[in-house]
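Some notes on the structure that comes next.
The values are calculated or read from the model by the stated rules, or taken from the named source; none is laboratory data. None of the values given here were measured: they were computed from a predicted structure. Note: ideal-geometry Cβ built from the backbone for every residue, glycine included; neighbour counts use all protein chains shown. These accessible areas exclude ligands, DNA and RNA; they are computed on the full protein's heavy atoms, side chains included. Shrake-Rupley method; radii C 1.70, N 1.55, O 1.52, S 1.80 Å.
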Amino acid sequence: MSSPTYNNNNNNSNSNNGSQLANMELLTLDNPVFCCYLFWATVLVAKMLLMSLLTALQRFRYKVFPNEEDLFFKNIEVQFDDPHVERVRRAHRNDMENILPYFIMALIYVCTNPNPLVACNLFRVAAIARIVHTLVYAVYPVPQPSRILAFATMMLITFYMAAVVALRTLRFI
Amino acid sequence: MSSPTYNNNNNNSNSNNGSQLANMELLTLDNPVFCCYLFWATVLVAKMLLMSLLTALQRFRYKVFPNEEDLFFKNIEVQFDDPHVERVRRAHRNDMENILPYFIMALIYVCTNPNPLVACNLFRVAAIARIVHTLVYAVYPVPQPSRILAFATMMLITFYMAAVVALRTLRFI
Amino acid sequence: MSSPTYNNNNNNSNSNNGSQLANMELLTLDNPVFCCYLFWATVLVAKMLLMSLLTALQRFRYKVFPNEEDLFFKNIEVQFDDPHVERVRRAHRNDMENILPYFIMALIYVCTNPNPLVACNLFRVAAIARIVHTLVYAVYPVPQPSRILAFATMMLITFYMAAVVALRTLRFI
(Lines give C-alpha, C1' and ligand atoms only; values in the text may rest on other atoms or scores of the structure.)
Protein backbone atom coordinates (compact mmCIF):
# COMPACT_ATOMS: atom_id res chain seq x y z
CA MET A 1 0.00 0.00 0.00
CA SER A 2 2.91 2.38 0.42
CA SER A 3 4.57 2.35 -2.99
CA PRO A 4 1.64 3.73 -5.01
CA THR A 5 1.39 6.63 -2.55
CA TYR A 6 4.78 7.91 -3.66
CA ASN A 7 4.04 7.60 -7.33
CA ASN A 8 0.77 9.45 -6.95
CA ASN A 9 2.21 12.25 -4.91
CA ASN A 10 5.34 12.57 -6.93
CA ASN A 11 4.07 15.02 -9.51
CA ASN A 12 2.39 17.32 -7.03
CA SER A 13 4.58 16.94 -3.98
CA ASN A 14 4.19 20.63 -3.17
CA SER A 15 0.44 20.34 -2.76
CA ASN A 16 -0.83 20.66 0.78
CA ASN A 17 -3.18 17.70 0.91
CA GLY A 18 -1.37 14.41 1.10
CA SER A 19 2.16 15.80 1.15
CA GLN A 20 2.29 15.66 4.94
CA LEU A 21 1.64 11.93 4.92
CA ALA A 22 4.10 11.28 2.11
CA ASN A 23 6.84 13.33 3.75
CA MET A 24 6.50 11.52 7.04
CA GLU A 25 7.18 8.21 5.37
CA LEU A 26 10.23 9.29 3.38
CA LEU A 27 12.94 8.09 5.75
CA THR A 28 11.45 4.63 6.32
CA LEU A 29 11.84 1.22 4.73
CA ASP A 30 8.40 1.77 3.19
CA ASN A 31 10.00 4.24 0.77
CA PRO A 32 11.71 2.34 -2.07
CA VAL A 33 13.88 5.37 -2.87
CA PHE A 34 15.21 5.37 0.69
CA CYS A 35 15.82 1.62 0.53
CA CYS A 36 17.78 2.07 -2.68
CA TYR A 37 19.83 4.81 -0.99
CA LEU A 38 20.42 2.52 1.99
CA PHE A 39 21.70 -0.29 -0.19
CA TRP A 40 24.13 1.77 -2.27
CA ALA A 41 25.31 3.86 0.67
CA THR A 42 26.10 0.59 2.43
CA VAL A 43 28.08 -0.58 -0.60
CA LEU A 44 30.09 2.65 -0.58
CA VAL A 45 30.72 2.47 3.19
CA ALA A 46 32.04 -1.08 2.75
CA LYS A 47 34.17 0.07 -0.19
CA MET A 48 35.67 2.88 1.91
CA LEU A 49 36.50 0.53 4.78
CA LEU A 50 38.21 -1.81 2.33
CA MET A 51 40.53 1.11 1.43
CA SER A 52 41.89 0.96 4.99
CA LEU A 53 42.55 -2.74 4.60
CA LEU A 54 44.15 -2.14 1.18
CA THR A 55 46.46 0.45 2.75
CA ALA A 56 47.39 -2.01 5.48
CA LEU A 57 48.02 -4.68 2.84
CA GLN A 58 50.37 -2.38 0.94
CA ARG A 59 52.13 -1.42 4.17
CA PHE A 60 52.89 -5.05 4.99
CA ARG A 61 53.75 -5.90 1.38
CA TYR A 62 56.32 -3.12 1.03
CA LYS A 63 57.19 -2.95 4.75
CA VAL A 64 56.37 0.73 5.03
CA PHE A 65 55.06 1.89 8.40
CA PRO A 66 54.50 5.41 9.71
CA ASN A 67 54.82 4.81 13.48
CA GLU A 68 57.61 3.46 15.66
CA GLU A 69 55.26 0.97 17.33
CA ASP A 70 54.20 -0.45 13.92
CA LEU A 71 57.66 -1.75 12.95
CA PHE A 72 56.69 -5.42 12.82
CA PHE A 73 59.85 -6.36 10.89
CA LYS A 74 63.46 -6.07 11.99
CA ASN A 75 65.89 -3.51 10.60
CA ILE A 76 63.28 -1.17 9.13
CA GLU A 77 62.52 2.43 9.96
CA VAL A 78 59.45 4.64 9.74
CA GLN A 79 58.88 5.76 6.16
CA PHE A 80 56.32 8.09 4.58
CA ASP A 81 57.06 8.32 0.87
CA ASP A 82 56.50 4.86 -0.57
CA PRO A 83 54.68 5.39 -3.90
CA HIS A 84 52.52 2.24 -3.60
CA VAL A 85 51.22 3.14 -0.15
CA GLU A 86 50.77 6.82 -0.96
CA ARG A 87 48.76 6.00 -4.08
CA VAL A 88 46.21 4.05 -2.02
CA ARG A 89 46.16 6.82 0.57
CA ARG A 90 45.46 9.44 -2.11
CA ALA A 91 42.63 7.30 -3.46
CA HIS A 92 41.27 6.94 0.07
CA ARG A 93 41.48 10.67 0.70
CA ASN A 94 39.68 11.32 -2.58
CA ASP A 95 36.95 8.96 -1.36
CA MET A 96 36.56 10.99 1.83
CA GLU A 97 36.48 14.25 -0.12
CA ASN A 98 33.71 13.05 -2.41
CA ILE A 99 31.76 10.13 -0.93
CA LEU A 100 31.25 11.54 2.57
CA PRO A 101 29.60 14.78 1.38
CA TYR A 102 27.62 12.65 -1.09
CA PHE A 103 26.20 10.56 1.78
CA ILE A 104 24.68 13.66 3.38
CA MET A 105 23.65 15.21 0.07
CA ALA A 106 21.87 12.06 -1.12
CA LEU A 107 20.16 11.58 2.25
CA ILE A 108 18.67 15.07 2.25
CA TYR A 109 17.86 14.67 -1.45
CA VAL A 110 15.67 11.72 -0.44
CA CYS A 111 13.87 14.06 1.98
CA THR A 112 12.71 16.20 -0.96
CA ASN A 113 10.68 13.24 -2.27
CA PRO A 114 12.39 12.99 -5.69
CA ASN A 115 11.18 11.04 -8.70
CA PRO A 116 11.90 7.38 -7.73
CA LEU A 117 13.26 6.37 -11.13
CA VAL A 118 15.66 9.33 -11.35
CA ALA A 119 16.80 9.04 -7.74
CA CYS A 120 17.45 5.29 -7.76
CA ASN A 121 19.42 5.45 -10.99
CA LEU A 122 21.50 8.33 -9.66
CA PHE A 123 22.35 6.26 -6.57
CA ARG A 124 23.33 3.29 -8.75
CA VAL A 125 25.46 5.29 -11.20
CA ALA A 126 27.21 7.26 -8.45
CA ALA A 127 28.15 4.15 -6.49
CA ILE A 128 29.40 2.24 -9.52
CA ALA A 129 31.39 5.28 -10.69
CA ARG A 130 33.24 5.41 -7.37
CA ILE A 131 33.96 1.68 -7.47
CA VAL A 132 35.44 2.21 -10.94
CA HIS A 133 37.40 5.19 -9.57
CA THR A 134 38.98 2.98 -6.92
CA LEU A 135 39.82 0.25 -9.42
CA VAL A 136 41.54 2.57 -11.89
CA TYR A 137 43.28 4.61 -9.16
CA ALA A 138 44.35 2.30 -6.38
CA VAL A 139 44.05 -1.28 -7.63
CA TYR A 140 45.28 -1.19 -11.23
CA PRO A 141 46.32 2.27 -12.50
CA VAL A 142 45.18 2.92 -16.06
CA PRO A 143 45.79 6.01 -18.25
CA GLN A 144 43.57 9.04 -17.97
CA PRO A 145 40.83 10.15 -18.55
CA SER A 146 39.31 7.04 -16.96
CA ARG A 147 39.81 8.33 -13.42
CA ILE A 148 38.67 11.85 -14.26
CA LEU A 149 35.45 10.50 -15.79
CA ALA A 150 34.72 8.30 -12.77
CA PHE A 151 35.47 11.24 -10.46
CA ALA A 152 33.32 13.67 -12.46
CA THR A 153 30.34 11.31 -12.51
CA MET A 154 29.70 11.37 -8.77
CA MET A 155 30.62 15.04 -8.54
CA LEU A 156 28.04 16.02 -11.18
CA ILE A 157 25.40 13.83 -9.50
CA THR A 158 26.10 15.49 -6.15
CA PHE A 159 25.88 18.94 -7.74
CA TYR A 160 22.57 17.97 -9.36
CA MET A 161 21.17 16.84 -6.00
CA ALA A 162 22.47 20.05 -4.41
CA ALA A 163 20.67 22.12 -7.05
CA VAL A 164 17.40 20.23 -6.49
CA VAL A 165 17.53 20.60 -2.71
CA ALA A 166 18.67 24.25 -2.82
CA LEU A 167 15.80 25.20 -5.14
CA ARG A 168 13.26 23.41 -2.94
CA THR A 169 14.52 25.05 0.28
CA LEU A 170 15.61 28.45 -1.06
CA ARG A 171 12.96 30.37 0.87
CA PHE A 172 14.43 29.13 4.17
CA ILE A 173 17.74 30.87 3.51
CA MET B 1 -1.10 23.71 9.58
CA SER B 2 2.25 22.19 10.49
CA SER B 3 4.37 25.20 11.42
CA PRO B 4 2.36 26.37 14.44
CA THR B 5 2.61 22.86 15.87
CA TYR B 6 6.35 23.28 16.30
CA ASN B 7 6.09 26.63 17.97
CA ASN B 8 3.48 25.39 20.39
CA ASN B 9 5.35 22.25 21.29
CA ASN B 10 8.70 23.89 21.50
CA ASN B 11 8.61 24.86 25.14
CA ASN B 12 7.28 21.57 26.39
CA SER B 13 8.76 19.10 23.93
CA ASN B 14 9.33 16.58 26.68
CA SER B 15 5.64 16.32 27.47
CA ASN B 16 4.02 13.07 26.48
CA ASN B 17 0.91 14.39 24.79
CA GLY B 18 1.65 15.89 21.41
CA SER B 19 5.39 15.20 21.42
CA GLN B 20 4.92 12.03 19.43
CA LEU B 21 3.26 13.93 16.62
CA ALA B 22 5.81 16.72 16.66
CA ASN B 23 8.76 14.35 16.68
CA MET B 24 7.49 12.39 13.76
CA GLU B 25 7.41 15.50 11.60
CA LEU B 26 10.91 16.72 12.45
CA LEU B 27 12.80 15.25 9.47
CA THR B 28 10.34 16.42 6.82
CA LEU B 29 9.96 19.47 4.62
CA ASP B 30 7.07 20.50 6.88
CA ASN B 31 9.64 21.44 9.54
CA PRO B 32 11.14 24.86 8.75
CA VAL B 33 14.18 24.11 10.92
CA PHE B 34 14.92 21.02 8.86
CA CYS B 35 14.45 22.98 5.62
CA CYS B 36 16.92 25.58 6.86
CA TYR B 37 19.38 22.80 7.69
CA LEU B 38 18.86 21.31 4.22
CA PHE B 39 19.60 24.60 2.50
CA TRP B 40 22.78 25.43 4.40
CA ALA B 41 24.07 21.87 4.37
CA THR B 42 23.63 21.93 0.61
CA VAL B 43 25.60 25.18 0.42
CA LEU B 44 28.42 23.60 2.41
CA VAL B 45 28.41 20.41 0.33
CA ALA B 46 28.73 22.53 -2.82
CA LYS B 47 31.50 24.55 -1.20
CA MET B 48 33.41 21.38 -0.33
CA LEU B 49 33.11 20.03 -3.86
CA LEU B 50 34.43 23.32 -5.20
CA MET B 51 37.58 22.71 -3.13
CA SER B 52 38.30 19.68 -5.33
CA LEU B 53 37.93 21.82 -8.41
CA LEU B 54 40.12 24.54 -6.86
CA THR B 55 42.80 21.93 -6.17
CA ALA B 56 42.58 20.75 -9.78
CA LEU B 57 42.81 24.36 -10.96
CA GLN B 58 45.98 24.93 -8.93
CA ARG B 59 47.44 21.66 -10.20
CA PHE B 60 47.00 22.70 -13.82
CA ARG B 61 48.10 26.28 -13.14
CA TYR B 62 51.38 25.27 -11.50
CA LYS B 63 51.71 21.94 -13.37
CA VAL B 64 51.95 19.91 -10.18
CA PHE B 65 50.54 16.37 -10.36
CA PRO B 66 50.84 13.52 -7.87
CA ASN B 67 50.41 10.53 -10.22
CA GLU B 68 52.35 9.32 -13.25
CA GLU B 69 49.18 9.03 -15.31
CA ASP B 70 48.27 12.69 -14.58
CA LEU B 71 51.31 14.20 -16.30
CA PHE B 72 49.38 16.09 -18.97
CA PHE B 73 52.38 18.27 -19.88
CA LYS B 74 55.72 17.23 -21.29
CA ASN B 75 58.94 17.23 -19.30
CA ILE B 76 57.36 17.33 -15.86
CA GLU B 77 57.56 14.84 -13.02
CA VAL B 78 55.31 13.93 -10.11
CA GLN B 79 55.59 16.52 -7.35
CA PHE B 80 54.06 16.75 -3.87
CA ASP B 81 55.39 19.88 -2.20
CA ASP B 82 54.08 22.81 -4.23
CA PRO B 83 52.99 25.45 -1.67
CA HIS B 84 50.00 26.69 -3.71
CA VAL B 85 48.52 23.23 -4.14
CA GLU B 86 49.28 22.15 -0.59
CA ARG B 87 47.58 25.24 0.82
CA VAL B 88 44.30 24.37 -0.91
CA ARG B 89 44.68 20.76 0.20
CA ARG B 90 45.16 21.82 3.82
CA ALA B 91 42.05 23.99 3.59
CA HIS B 92 40.14 21.07 2.08
CA ARG B 93 41.32 18.71 4.81
CA ASN B 94 40.28 21.25 7.43
CA ASP B 95 36.83 21.29 5.81
CA MET B 96 36.58 17.53 6.14
CA GLU B 97 37.72 17.65 9.75
CA ASN B 98 35.08 20.21 10.72
CA ILE B 99 32.19 20.31 8.25
CA LEU B 100 31.60 16.55 7.94
CA PRO B 101 31.13 16.00 11.72
CA TYR B 102 29.02 19.18 11.73
CA PHE B 103 26.65 17.67 9.12
CA ILE B 104 25.87 14.74 11.43
CA MET B 105 25.82 16.87 14.57
CA ALA B 106 23.41 19.43 13.09
CA LEU B 107 21.17 16.70 11.69
CA ILE B 108 20.76 14.99 15.04
CA TYR B 109 20.40 18.40 16.68
CA VAL B 110 17.35 18.93 14.47
CA CYS B 111 15.95 15.65 15.87
CA THR B 112 15.88 17.18 19.37
CA ASN B 113 13.31 19.74 18.17
CA PRO B 114 15.36 22.87 19.01
CA ASN B 115 14.09 26.43 19.16
CA PRO B 116 13.59 27.36 15.47
CA LEU B 117 15.08 30.84 15.78
CA VAL B 118 18.22 29.62 17.55
CA ALA B 119 18.71 26.62 15.28
CA CYS B 120 18.26 28.48 11.97
CA ASN B 121 20.64 31.23 12.97
CA LEU B 122 23.24 28.69 14.08
CA PHE B 123 23.02 27.01 10.66
CA ARG B 124 23.42 30.34 8.91
CA VAL B 125 26.35 31.56 11.00
CA ALA B 126 28.16 28.21 10.80
CA ALA B 127 27.88 28.01 7.02
CA ILE B 128 28.96 31.61 6.45
CA ALA B 129 31.88 31.18 8.86
CA ARG B 130 33.19 28.23 6.84
CA ILE B 131 32.81 30.15 3.57
CA VAL B 132 34.88 32.94 5.14
CA HIS B 133 37.37 30.31 6.35
CA THR B 134 37.86 29.09 2.79
CA LEU B 135 38.24 32.60 1.42
CA VAL B 136 40.91 33.65 3.93
CA TYR B 137 42.72 30.30 3.79
CA ALA B 138 42.67 29.00 0.23
CA VAL B 139 41.54 31.84 -2.03
CA TYR B 140 43.25 34.94 -0.68
CA PRO B 141 45.42 34.39 2.43
CA VAL B 142 45.05 37.17 4.98
CA PRO B 143 46.84 37.59 8.33
CA GLN B 144 45.57 35.85 11.43
CA PRO B 145 43.38 35.78 13.49
CA SER B 146 40.81 35.89 10.68
CA ARG B 147 41.14 32.18 9.94
CA ILE B 148 41.19 31.20 13.61
CA LEU B 149 37.97 33.14 14.24
CA ALA B 150 36.21 31.56 11.26
CA PHE B 151 37.42 28.13 12.38
CA ALA B 152 36.37 28.67 15.99
CA THR B 153 32.88 29.84 15.03
CA MET B 154 31.76 26.54 13.55
CA MET B 155 33.62 24.56 16.18
CA LEU B 156 31.84 26.36 19.03
CA ILE B 157 28.49 25.94 17.30
CA THR B 158 29.14 22.20 16.90
CA PHE B 159 30.13 21.92 20.57
CA TYR B 160 26.96 23.78 21.57
CA MET B 161 24.81 21.37 19.53
CA ALA B 162 26.73 18.44 21.03
CA ALA B 163 26.00 19.71 24.52
CA VAL B 164 22.28 20.12 23.77
CA VAL B 165 21.97 16.63 22.28
CA ALA B 166 24.09 14.97 24.97
CA LEU B 167 21.98 16.50 27.75
CA ARG B 168 18.75 15.42 26.08
CA THR B 169 19.93 11.83 25.53
CA LEU B 170 22.11 11.36 28.61
CA ARG B 171 19.88 8.72 30.17
CA PHE B 172 20.44 6.45 27.12
CA ILE B 173 24.18 6.23 27.83
CA MET C 1 3.53 3.84 25.04
CA SER C 2 6.13 3.80 22.28
CA SER C 3 8.83 1.50 23.63
CA PRO C 4 6.80 -1.73 23.75
CA THR C 5 5.84 -1.19 20.13
CA TYR C 6 9.44 -1.68 19.09
CA ASN C 7 9.92 -4.83 21.06
CA ASN C 8 6.73 -6.33 19.73
CA ASN C 9 7.47 -5.50 16.14
CA ASN C 10 11.08 -6.48 16.29
CA ASN C 11 10.73 -10.09 15.30
CA ASN C 12 8.27 -9.53 12.47
CA SER C 13 9.22 -6.07 11.26
CA ASN C 14 8.59 -7.11 7.68
CA SER C 15 4.92 -7.74 8.32
CA ASN C 16 2.57 -5.25 6.75
CA ASN C 17 0.37 -4.52 9.71
CA GLY C 18 2.05 -2.35 12.30
CA SER C 19 5.40 -1.99 10.54
CA GLN C 20 4.34 1.28 8.96
CA LEU C 21 3.70 2.81 12.36
CA ALA C 22 6.91 1.47 13.85
CA ASN C 23 9.03 2.63 10.94
CA MET C 24 7.69 6.12 11.09
CA GLU C 25 8.83 6.49 14.68
CA LEU C 26 12.36 5.19 14.17
CA LEU C 27 14.17 8.50 13.72
CA THR C 28 12.54 10.23 16.70
CA LEU C 29 13.37 10.69 20.36
CA ASP C 30 10.61 8.16 21.10
CA ASN C 31 12.93 5.43 19.82
CA PRO C 32 15.45 4.48 22.54
CA VAL C 33 17.80 2.97 19.94
CA PHE C 34 17.92 6.28 18.10
CA CYS C 35 18.51 8.15 21.37
CA CYS C 36 21.40 5.84 22.17
CA TYR C 37 22.83 6.49 18.69
CA LEU C 38 22.41 10.23 19.23
CA PHE C 39 24.29 10.17 22.51
CA TRP C 40 27.28 8.13 21.30
CA ALA C 41 27.48 9.89 17.95
CA THR C 42 27.63 13.14 19.90
CA VAL C 43 30.46 11.76 22.02
CA LEU C 44 32.40 10.81 18.89
CA VAL C 45 31.78 14.19 17.23
CA ALA C 46 33.14 15.92 20.33
CA LYS C 47 36.12 13.55 20.36
CA MET C 48 36.89 14.34 16.72
CA LEU C 49 36.73 18.08 17.33
CA LEU C 50 39.12 17.67 20.26
CA MET C 51 41.63 16.19 17.79
CA SER C 52 41.76 19.59 16.06
CA LEU C 53 42.48 21.24 19.39
CA LEU C 54 45.10 18.58 20.20
CA THR C 55 46.80 19.28 16.86
CA ALA C 56 46.78 23.00 17.62
CA LEU C 57 48.19 22.29 21.08
CA GLN C 58 51.06 20.26 19.60
CA ARG C 59 51.71 22.98 17.02
CA PHE C 60 52.13 25.64 19.70
CA ARG C 61 54.08 23.31 21.99
CA TYR C 62 56.66 22.39 19.34
CA LYS C 63 56.28 25.65 17.34
CA VAL C 64 55.47 23.86 14.11
CA PHE C 65 53.16 25.72 11.72
CA PRO C 66 52.25 24.93 8.12
CA ASN C 67 51.34 28.43 6.87
CA GLU C 68 53.28 31.69 6.64
CA GLU C 69 50.48 33.59 8.39
CA ASP C 70 50.56 31.17 11.35
CA LEU C 71 54.14 31.98 12.44
CA PHE C 72 53.24 33.37 15.85
CA PHE C 73 56.83 33.14 17.10
CA LYS C 74 59.90 34.92 15.82
CA ASN C 75 62.67 33.22 13.85
CA ILE C 76 60.70 30.13 12.87
CA GLU C 77 59.75 28.86 9.43
CA VAL C 78 56.93 26.73 8.06
CA GLN C 79 57.54 23.06 8.83
CA PHE C 80 55.64 19.90 7.90
CA ASP C 81 57.54 16.93 9.29
CA ASP C 82 57.43 17.25 13.08
CA PRO C 83 56.77 13.74 14.41
CA HIS C 84 54.61 14.89 17.36
CA VAL C 85 52.28 16.94 15.17
CA GLU C 86 52.15 14.36 12.39
CA ARG C 87 51.22 11.60 14.85
CA VAL C 88 48.14 13.52 15.98
CA ARG C 89 47.29 14.30 12.36
CA ARG C 90 47.52 10.63 11.42
CA ALA C 91 45.24 9.73 14.32
CA HIS C 92 42.81 12.45 13.21
CA ARG C 93 42.86 11.22 9.61
CA ASN C 94 42.22 7.69 10.83
CA ASP C 95 39.21 9.05 12.73
CA MET C 96 37.84 10.59 9.55
CA GLU C 97 38.42 7.39 7.60
CA ASN C 98 36.51 5.27 10.12
CA ILE C 99 34.17 7.36 12.27
CA LEU C 100 32.58 9.43 9.50
CA PRO C 101 31.44 6.40 7.45
CA TYR C 102 30.33 4.82 10.74
CA PHE C 103 28.04 7.81 11.47
CA ILE C 104 26.12 7.20 8.22
CA MET C 105 26.23 3.42 8.55
CA ALA C 106 24.89 3.45 12.12
CA LEU C 107 22.18 5.97 11.23
CA ILE C 108 20.82 3.85 8.39
CA TYR C 109 21.22 0.77 10.58
CA VAL C 110 18.78 2.41 13.01
CA CYS C 111 16.33 2.75 10.11
CA THR C 112 16.19 -1.04 9.76
CA ASN C 113 14.66 -1.28 13.25
CA PRO C 114 17.37 -3.48 14.79
CA ASN C 115 17.17 -5.37 18.08
CA PRO C 116 17.51 -2.58 20.70
CA LEU C 117 19.87 -4.52 22.97
CA VAL C 118 22.24 -5.45 20.15
CA ALA C 119 22.17 -2.01 18.56
CA CYS C 120 22.74 -0.02 21.75
CA ASN C 121 25.65 -2.20 22.81
CA LEU C 122 27.22 -1.91 19.37
CA PHE C 123 27.03 1.89 19.64
CA ARG C 124 28.61 1.81 23.08
CA VAL C 125 31.43 -0.58 22.18
CA ALA C 126 32.23 1.24 18.92
CA ALA C 127 32.46 4.63 20.60
CA ILE C 128 34.59 3.42 23.47
CA ALA C 129 36.88 1.53 21.07
CA ARG C 130 37.57 4.75 19.15
CA ILE C 131 38.25 6.68 22.37
CA VAL C 132 40.77 3.98 23.29
CA HIS C 133 42.21 4.22 19.77
CA THR C 134 42.84 7.94 20.23
CA LEU C 135 44.41 7.43 23.65
CA VAL C 136 46.86 4.75 22.51
CA TYR C 137 47.64 6.51 19.22
CA ALA C 138 47.75 10.24 19.80
CA VAL C 139 47.83 10.86 23.54
CA TYR C 140 50.13 8.19 24.94
CA PRO C 141 51.57 5.75 22.36
CA VAL C 142 51.64 2.17 23.60
CA PRO C 143 52.95 -0.96 21.83
CA GLN C 144 50.81 -2.84 19.37
CA PRO C 145 48.41 -4.63 19.06
CA SER C 146 46.43 -2.24 21.29
CA ARG C 147 45.79 0.21 18.44
CA ILE C 148 45.01 -2.52 15.92
CA LEU C 149 42.43 -4.05 18.29
CA ALA C 150 40.74 -0.69 18.91
CA PHE C 151 40.76 0.00 15.17
CA ALA C 152 39.38 -3.44 14.28
CA THR C 153 36.55 -3.19 16.81
CA MET C 154 34.76 -0.30 15.12
CA MET C 155 35.58 -1.64 11.66
CA LEU C 156 34.00 -5.02 12.41
CA ILE C 157 30.94 -3.33 13.93
CA THR C 158 30.55 -1.16 10.83
CA PHE C 159 30.87 -4.23 8.57
CA TYR C 160 28.25 -6.03 10.66
CA MET C 161 25.83 -3.11 10.30
CA ALA C 162 26.59 -2.98 6.57
CA ALA C 163 25.76 -6.67 6.23
CA VAL C 164 22.46 -6.24 8.12
CA VAL C 165 21.38 -3.25 6.01
CA ALA C 166 22.52 -4.78 2.72
CA LEU C 167 20.57 -7.98 3.37
CA ARG C 168 17.44 -6.02 4.29
CA THR C 169 17.61 -3.79 1.19
CA LEU C 170 19.10 -6.23 -1.32
CA ARG C 171 16.00 -6.33 -3.51
CA PHE C 172 16.32 -2.57 -4.16
CA ILE C 173 19.71 -3.02 -5.86
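Does A:Val139 satisfy the condition of being open to solvent by 10 Å² or more (accessible area, probe 1.4 Å) and either more than 25 Å from A:Leu54 (Cα to Cα) or away from every other protein chain (no Cβ under 12 Å) (or both)? In short, yes.
The set of residues in the range B:43-84 that are facing another protein chain (nearest Cβ under 8 Å), surrounded by 14 or more Cβ atoms within 10 Å (Cβ to Cβ), without any contact (Cβ under 8 Å) to a residue 12 or more places away in the chain and more than 18 Å from the chain's Cα centre (by Cα) comprises B:Asn67, B:Glu69, B:Asp70.
Cβ-Cβ distances below 6 Å connect the following pairs, each with a first residue in the range C:144-155 that is at the interface with chain A (Cβ under 10 Å from one of its Cβ atoms), a second residue that is of a type in the set (S, T, N, Q), and a separation of six or more residues or different chains: C:Met154/C:Asn98.
Scanning the range A:111-121 turns up one or more residues that are under 15 Å from the mean Cα position of the chain (by Cα) and either at pLDDT 95 or above or of a type outside the set (S, T, N, Q) (or both).
Exactly one residue among B:Arg90, B:Arg130 is in contact with a Lys or Arg (Cβ under 8 Å, 6 or more places away or on another chain) and at pLDDT 85 or above, and that residue is B:Arg130.
In the range C:111-131, the residues that are farther than 28 Å from A:Asn31 by Cα reach residues that are part of a helix (DSSP H, G or I) and among the acidic types (Asp, Glu) with C-beta atoms within less than 9 angstrom, at least six apart or across chains, in these pairs: C:Arg130/C:Asp95.
C:Asn113 satisfies every condition listed in (1) open to solvent by less than 40 Å² (accessible area, probe 1.4 Å); (2) part of a helix (DSSP H, G or I); (3) more than 9 Å from chain B (Cβ to nearest Cβ) except (2). Among the residues of the range C:28-42 satisfying the criterion of being assigned to a helix (DSSP H, G or I) and of a type in the set (A, V, I, L, M), which is farthest from the other protein chains (Cβ to nearest Cβ)? Here the residue is C:Val33.
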